[in-house]
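Down below is the structure, laid out as structure tokens.
The values are calculated or read from the model by the stated rules, or taken from the named source; none is laboratory data. Fair warning: this is a prediction, and the values are worked out from it, not measured in the lab. All Cβ positions, even for glycine, are placed from backbone atoms using ideal geometry, and neighbour counts span all protein chains on display.
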Amino acid sequence: MFKAVRSGLKLIAAGLIAGVSTGATLAQSPPQGFDLSSDNAGWISIGTEWVAVPGGPQPVKFDPRFPYVPNNTGKQPTFRVADLGNPNLTDFAKAELKKSNDLVHGGFAMYAREARCWASGVPVYLLNPAQPTYFLQTPKKITMVWQMDQQVRHVYMDVPHSPNPKPSWYGESVGRFEGDTLVIDTIGLNGKAHLDNYRTPATEKTHVVERYRLIEDGKTLEAHVTITDPAVLKQPLQVIHRWRKVNQPIIESRCADGEMNNHFASHRQEPIPVANRPDF
């Protein structure tokens with residue numbers, strides 16, 4: 001479903017890379033609020049899980065019986081097993097998470113979806129690890145490009161939502177500046193992504209509002225995110241995520257180049273997405 005899409009995004013990203021690597025054109029006319037794009041600025045996710053806003057519902061975490069161990073800790077890494085006892089989950093959400101848990105317990109290699117070349121989708125796009133996200137800013141649009149495989153989001157500034165947006169992986173995002181805060185409102189999601197890296201399901205009812213601001217003298221980007229989906233969450237989930245700033249040119253990459261041949265005989269895993277026609 002995505003092979004053709006990846007080709008299209010590569011062309012988009014290729015045209016943008018020159019602007020990011022120099023930082024010149026983008027820095028000339030930054031929009032109001034603040035500029036995330038100049039001087040080869042990229043933003044690397046700090047962690048891959050949501051942090052709850054104090055006093056609110058908790059995001060999904062690992063089952064205490066099966067602790068999650070990430071890479072590079074000196075211990076044997078594990079795949080995530082979600083805690084089905086989270087009281088903010090609907091029965092539908094728990095049933096979907098149990099399917100993922102059962103696959104892990106059955107030996108399925110539950111790699112992150114972007115590692116298998118699938119689109120991350122909103123809101124889990126914000127948790128994309130390791131590689132920086134670049135913001136390409138103009139007064140009318142902010143384009144986010146995650147370096148790995150050049151996943152792309154488009155945020156249209158100071159416009160209302162369409163009356164009936166066509167569902168898609170990244171939905172329809174509209175943005176505005178409120179003083180020192182960038183607000184992004186996303187609807188029109190296709191329900192094929194997840195709300196987090198535990199594979200909490202999303203539906204077409206998912207609504208995401210991100211509120212970004214710079215902290216720590218501009219070295220850190222922080223977003224307060226509100227996720228609403230009555231089919232999945234009993235109450236809206238309010239979480240925080242942060243990124244650290246790096247100054248380096250964007251590097252072109254293609255997930256499929258490596259993953260097409262990255263097959264492990266002992267692992268059952270998601271297939272690489274393919275399509276017979278463009279999906280855009």
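For the reader, a short list of remarks on this structure follows.
- Among the residues of region 49-60, those identified as touching a residue at least 12 places away in the same chain (Cβ under 8 Å), surrounded by fewer than 17 Cβ atoms within 10 Å (Cβ to Cβ) and assigned to a loop (DSSP other than H, G, I, E, B) are Val53, Gly56, Gln58.
- Some residue of region 219-237 being over 14 Å from the mean Cα position of the chain (by Cα), among the hydrophobic types (A, V, I, L, M, F, W, C) and not in a strand (DSSP E or B): yes
- Residue within region 68-84 that is within 23 Å of Gln235 (Cα to Cα) and over 22 Å from the mean Cα position of the chain (by Cα) present: yes
- The residues in region 69-102 that are part of a helix (DSSP H, G or I) and touching a residue at least 12 places away in the same chain (Cβ under 8 Å) can be counted, and the count is 7.
- Test: Asp185 is under 25 Å from Pro59 (Cα atoms) and without any contact (Cβ under 8 Å) to a residue 12 or more places away in the chain: no
For (1) within 30 Å of Thr143 (Cα to Cα); (2) of a type in the set (Lys, Arg), each residue gets a yes or a no:
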site: Ser45; (1), (2): yes, no
site: Tyr68; (1), (2): no, no
site: Asn72; (1), (2): no, no
site: Pro77; (1), (2): no, no
site: Gly85; (1), (2): no, no
site: Leu89; (1), (2): no, no
site: Phe92; (1), (2): no, no
site: Lys98; (1), (2): no, yes
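- Check on Asp149, buried (at least 20 other Cβ atoms within 10 Å of the Cβ) and on the phi > 0 side of the Ramachandran plot: yes
- Among the candidates Glu259, Glu252, Glu270, residue that is closer than 20 Å to Lys192 by Cα and at pLDDT below 95: Glu270
- Looking only at residues in region 155-182 that are part of a loop (DSSP other than H, G, I, E, B) and of a type in the set (Phe, Trp, Tyr), the one that is farthest from Tyr134 (Cα to Cα) is Trp169.
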